[in-house]
1. Sorted by accessible area with a 1.4 angstrom probe, largest first, how do A:Glu288, A:Glu217 fall?
2. What are the label-to-label distances in nm, one decimal and shortest first, from A:Lys84 to the same spot in the other copies, with labels 7 Å along Cα to Cβ?
3. Helix-only estimate, please: 222 nm mean residue ellipticity of the protein assembly as shown, summing -39500 (n - 2.57) across DSSP H runs of length 4 or more and dividing by its residues, to the nearest 500.
4. Checking an interface number: how much accessible area is buried between B and A, summed over both chains, with a 1.4 Å probe, in Å² rounded to 100?
5. Would you mind telling me the share, in percent, of accessible area of the range A:103-262 contributed by carbon and sulfur at probe 1.4 angstrom?
6. Taking chain A as a Gaussian network, where each spring joins two C-alpha atoms under 10 Å apart, which residue of A:Ala110, A:Ala132, A:Ala89 fluctuates the most?
7. Between copies, how far apart are the B:Gly230 label points? List them in nm, one decimal, shortest first, with each point 7 Å from Cα toward Cβ, please?
8. If Lys and Arg each add +1 and Asp and Glu each add -1, what is the summed charge of the other residues whose beta carbon sits under 13 Å from the beta carbon of A:Ala106?
2 protein chains.
Amino acid sequence: MNFKNFPMVPRVVFGRGSFDQLEEIITSKRTSTSSPFIFLVDDVFKGSPLEKRIPLYHNDKVIFINSDVEPKTSQVDALRDSIKEEFDALPSGVIGIGGGTLMDLAKAVAIMLNNPGSSEDYQGWDLLKNPALYHVGIPTISGTGAEVSRTTVLTGPEKKLGINSDHTPFDQVVLDPDLCTGVPLNQWFYTGMDCYIHCIESLTGTYLNAFSQSYGEKSLDLCNEVFFNGSLSEDESRDKLMMASWHGGMSIAYSQVGVAHAMSYGLSYLLGTRHGVGNCIVFDHLEEFYPEGVKQFKKMVDKYEVEIPKGLCANLTDDDFDTMISVSMGMVPLWENALGKDWKQVITPQKLRGMYEKM
Amino acid sequence: MNFKNFPMVPRVVFGRGSFDQLEEIITSKRTSTSSPFIFLVDDVFKGSPLEKRIPLYHNDKVIFINSDVEPKTSQVDALRDSIKEEFDALPSGVIGIGGGTLMDLAKAVAIMLNNPGSSEDYQGWDLLKNPALYHVGIPTISGTGAEVSRTTVLTGPEKKLGINSDHTPFDQVVLDPDLCTGVPLNQWFYTGMDCYIHCIESLTGTYLNAFSQSYGEKSLDLCNEVFFNGSLSEDESRDKLMMASWHGGMSIAYSQVGVAHAMSYGLSYLLGTRHGVGNCIVFDHLEEFYPEGVKQFKKMVDKYEVEIPKGLCANLTDDDFDTMISVSMGMVPLWENALGKDWKQVITPQKLRGMYEKM
């Protein structure tokens, strides 16, 4: 058996207000005054006080990005091309500020600024030719674990799949729970549930070992504290959900996600459903696979009176279903983790179609 | 407030049998065929099957080290000097195999092979002139957290204090729980209690934040599973204690140890008491500061019928006491973490002497 030599984020700052240390942190990483830092920032922060706190010098550039859609390989390539066109020198680094979409875009753009061709060429495992540029992740919503993971999940023309590599993780993460102040309830819930769901998938999976288990259990404990314990202050709740996301991301190191992610990738690919809500839509129907986890999930949905969209698949054609089923069944490691080597005895195209039809 | 930009171990392998991946891991790190890897190995492994599994090529060298005494600055300097004398080229790296003593020695030797002067010059915070050589930690007993920490604790002519720096952490850690097979009961207990005790100190300390808390809580949960849950297999127990140690080490990131460590440093400095047992000797008398933790600790001592040495201070002179008290009271951040800024209102030389006299 060969165990992964797992790359951890080598530098992390945690603390309320720690965003203000960004300037000090990146200054020594500037390669020259003509090599800008590129800040990819969720456009919800356009004109916000946070925008004014971004430390800009020389020819540094902020690019605002709308995160209503999942990140695409074409988007990554276009960002890379526009940056290369605008600047003569290679940037000093890429800094992502936002949720999972911005985390994944920052990782992917840092990779593609130093690798030839299209990002779709690298969807898979360990396909990169060169390391990424220096890149920093600053999450502003908690749950995805993208701040600590070894992947950047992109939707390409042929598949929704990550660029999984040792060069993908951030060189630096800044965890400032204050940045999560003011996230709308639905988004807070969907993204937090991404964490809850991947912990359930990881902890019940066949790939699990004690390393991943310890992170997954802690992440789940923290989710329970945040979503069930009414006595936390808002500050404490943001602190703990940020740590839940961090540990949840680590729990995938020697593990994998499972049925919910495999199916929600199909939804995202066909319908562009965003990852967090897509997981919730699917997980709501997975009692068969995760009875305890789904029971708790439904309690949380009730407690926060969050709406889980229904009827997404009501008007789909046979071709649509076939596409979703094909994308989903292509996620072999996820199914193997969830159900073991013989997963195809349980999961057939017919079975999946029946499940999707309920969503 | 300024938060530490904490350096994490950038690479980690976890798994039973993962030691056999060491060769593959270090091969690409060899700087030349005349630059050896230096393996610092606890001498309990001399002639053992593990010795034969150490991957030696070219002029690689194994140095066996007795860990009955705590690591010293003079020992680090002598090791560095003998390596420099024997080899023309700077080594490719240093690999430590053993417990906390070997972890600390490997870190310190890797540092001193690339820094001038004596290791005692660097006891303190962020004093290094140059980075360390590539260094790998492979723990064979669990609890110290030295495999993941930002320090290497050394006894010098003037003080017992760590070389705390961003260059101190290992570049690579191999966590193979199988290597902990056959550790004698007393040593297993004392070292495991190092973890338990620093979690109690960290979690009850004034420095704590949500980052450190989440690691400390998980570590403590795992300690409780290992030391109180009779239903774990030996394999599971070794797995979980290795993770307890890992998370326990991380829990110090934004926190500190406390009264037990501050006082046991005094014992070690004067009497050479080893760190694990020293902590146990002290903690046994700390109901006043850690009532719940000490109660649980005493239950564990009873359960495993472990002997906690007594009467160490019975025949000490006034000068001896003064030395211990002075070393202990010099550990300002530990006392501050435990008792707050006004710790000197509680901890006086008289108070400490009274406490030491009971030990």
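1. Values: A:Glu288 115, A:Glu217 45 Å².
Most to least solvent-accessible, the answer reads A:Glu288, A:Glu217.
2. Distances between equivalent label points, in nm: 4.7.
3. Details: 26 runs with 316 residues, N = 718.
One gets -13500 deg cm²/dmol as the mean residue ellipticity at 222 nm.
4. Numbers: alone 15100 and 15090 Å², together 27030 Å².
Roughly 3200 Å².
5. Values: 2100 of 4250 Å².
Carbon and sulfur: 50 percent of the exposed surface of the range A:103-262.
6. A:Ala89
7. Distances to the matching label points in the other copies: 4.0 nm.
8. Details: positive: A:Arg80, A:Lys107; negative: A:Asp42, A:Asp104, A:Glu147, A:Asp171.
With Lys, Arg at +1 and Asp, Glu at -1, the neighbours total -2.
The values are calculated or read from the model by the stated rules, or taken from the named source; none is laboratory data. Keep in mind that what you see is a predicted model, and the values were worked out from it rather than measured. Counting neighbours? That spans all protein chains shown, and the Cβs are built from the backbone with ideal geometry, glycine included. Keep in mind that these areas ignore ligands, DNA and RNA; they rest on the heavy atoms of the full protein, side chains included. Shrake-Rupley method; radii C 1.70, N 1.55, O 1.52, S 1.80 Å.
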